[in-house]
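The values are calculated or read from the model by the stated rules, or taken from the named source; none is laboratory data. Because the structure is predicted, anything quoted here is derived from the model rather than measured. Ideal geometry is used to build each Cβ from the backbone, glycine not excepted, and the neighbour counts take in all protein chains shown. For the accessible areas, the whole protein counts, side chains as well, though only heavy atoms, and no ligand, DNA or RNA atoms are used. Shrake-Rupley method; radii C 1.70, N 1.55, O 1.52, S 1.80 Å.
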Amino acid sequence: MPGNGKKKARVYQRREVPRDQHNVSRSSISEPAKKVLSRLNKSGYEAYLVGGGVRDILLGEQPKDFDIATNATPEEVHDLFRNSRLIGRRFRIVHVVFGREVIEVTTFRGNATEADDSADDDRKTSEHGLLLRDNVYGNLEEDALRRDFTVNALYYCIRNFTVVDFANGIEDLRNRQLRLIGDPETRYREDPVRMLRAIRFAAKMDFEIEPETEAPIRELAPLLTHIPPARLFEEVLKLFSAGYGAATYELLTEYDLLAPLFPETVKAIGAGEPDELIRQALRNTDSRIAQGKSVTPYFLFAAMLWPALQREWRHRQDNGDPVQPALHGAISKVIGRQVQATSIPKRFSGPMKEIWELQMRLPRRQGKRAYVTMSHPRFRAAYDFLLVREDCGEIESGLGHWWTEFQRMDERGQERMLSELSSDAPKKRRRRKPVKRPAP
Ligand code: ATP
Ligand code: MG
């Protein structure tokens with residue numbers, strides 16, 4: 001609070017909300033999640049539904065997955081479920097697999113003190129306060145206080161139907177507030193990804209980030225550069241494929257969190273490159289998700305890196321590179337720099353490059369070219385990308401419409417479209433400049 005240096009310490013107190021005072025019913029929980037909860041209970045362990053599963057049901061939404069917390073160790077959980085696997089190093093957890101549904105089971109985490117660090121290999125922090133490993137087990141209360149936001153620390157007990165709340169999560173949920181448990185700066189230093197999670201939840205649930213939770217973000221945003229690029233890749237996917245990508249993008253920009261994820265993009269935008277294409281692509285992605293359609297990571301990344309690519313491509317052409325080599329050089333450079341911040345697995349970077357390369361081929365349609373381009377495995381994505389470029393005003397519209405028509409036509413219609421193209425083509429074609437060869 002301005003002018004008043006003292007922060008009001010929050011008191012954490014266990015509260016139990018009985019069944020008649022909340023809307024979590026057994027019917028809103030998936031069969032697999034119920035199975036895991038009851039088998040753990042029957043085997044004598046404590047087990048609760050926690051995290052997004054409880055939060056989303058309380059908000060009247062359908063959870064995207066279910067997480068369970070228990071006092072059984074990962075090995076004990078693994079022994080109870082044949083269909084399970086132990087994963088993780090930083091956090092050891094168990095995945096219990098039921099067809100396409102995966103239930104994530106974590107053992108209650110304890111809050112080991114700093115002094116434990118040197119002696120204990122199970123909980124480690126780096127010089128930046130980053131939590132490298134956190135496998136000290138604890139009780140339910142300790143587990144609650146180690147979670148990120150108060151609304152994510154609500155536990156539903158399937159035995160007595162109560163919701164257990166240690167951190168005033170119910171109240172924050174009612175006020176639609178995202179509040180970190182504990183001292184925000186310490187919690188962000190332990191795990192900077194929590195800053196991204198704050199943005200993701202704020203965008204998804206339209207919650208406000210409570211002032212103390214919000215305050216340190218801009219200053220601590222650069223800490224994300226200490227996070228392995230592969231983990232950031234996973235987070236970026238979650239940020240942009242939850243159906244609220246456009247809102248998320250604005251928040252990331254507002255909180256200076258885009259730079260550690262997409263340094264080249266932010267540099268290009270800073271130098272005056274427009275980012276309208278990113279916004280337009282994210283709006284399209286959001287509406288696709290709302291219609292239950294899928295979105296591909298390579299399309300998202302093709303859009304997110306487009307301003308950086310455009311800038312580098314132009315720069316190379318200004319320096320005398322011909323169009324094609326300039327494009328290839330720009331692609332390698334932009335990707336090479338990008339993967340140092342947020343990685344892009346090869347299975348996505350390949351198709352992403354193809355989307356970009358096809359942007360050069362889409363205008364060239366004469367002869368057999370249109371057919372060859374259309375049979376390219378990435379044609380559809382490249383065509384969608386072209387439409388986005390037109391929609392955001394980057395290029396004049398017309399070409400997208402031509403391709404829309406061409407795809408609808410039968411063979412004769414297509415022939416006609418192509419012959420109309422040739423008759424429109426300028427009569428006098430510029431002669432190609434002879435290729436310069438190095439002197440022998
Ligand atoms: P959703 O699954 O809808 O994206 P979620 O809240 O369930 O949201 P998960 O990533 O599935 O998010 O994590 C499950 C729970 O684990 C969270 O609700 C939170 O309590 C805890 N958690 C996850 N990541 C962190 C973190 N980085 N720091 C502290 N607690 C975390
Ligand atoms: Mg979850």
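Values as computed for the structure displayed
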item: Count - residues of the stretch 322-353 that are open to solvent by less than 60 Å² (accessible area, probe 1.4 Å) and not in a helix (DSSP H, G or I); result: 4
item: Selection status of Tyr155, in contact with a helix residue (DSSP H, G or I) (Cβ under 6 Å, 6 or more places away or on another chain) and of a type in the set (Phe, Trp, Tyr); result: no
item: So Glu273, is it open to solvent by 30 Å² or more (accessible area, probe 1.4 Å) and either within 29 Å of Lys333 (Cα to Cα) or in contact (Cβ under 8 Å) with a residue 12 or more places away in the chain (or both); result: no
item: Close pairs from the stretch 58-69: first touching a residue at least 40 places away in the same chain (Cβ under 8 Å), partner assigned to a helix (DSSP H, G or I) and more than 10 Å from ligand 1 (Cβ to nearest atom), Cβ under 8 Å, at least 6 apart; result: Leu58/Ile170; Leu58/Leu173; Leu59/Leu173; Ala69/Leu140
item: Residues (open to solvent by 20 Å² or more (accessible area, probe 1.4 Å), of a type outside the set (Lys, Arg) and outside any loop (DSSP other than H, G, I, E, B)) located in the stretch 199-217; result: Glu208, Pro211, Glu212, Glu214
item: Residue match in the stretch 84-100 (condition: open to solvent by 60 Å² or more (accessible area, probe 1.4 Å) and aromatic (Phe, Trp, Tyr)); result: yes
item: Any hit, the stretch 33-46, residues being in a helix (DSSP H, G or I), out of contact with any helix residue (DSSP H, G or I) (no Cβ under 6 Å at 6 or more places or on another chain) and within 15 Å of ligand 1 (Cβ to nearest atom); result: yes
item: Tally of residues being more than 16 Å from ligand 2 (Cβ to nearest atom), within 24 Å of the chain's Cα centre (by Cα) and in a helix (DSSP H, G or I) across the stretch 173-198; result: 8
item: Sole exception among (1) in contact with a Lys or Arg (Cβ under 6 Å, 6 or more places away or on another chain); (2) free of Cβ contacts under 8 Å to residues at least 12 places away in the same chain for Ser332, by number; result: (1)
item: Selected residue (only one of Ala281, Ala242 is buried (at least 16 other Cβ atoms within 10 Å of the Cβ) and part of a helix (DSSP H, G or I)); result: Ala281
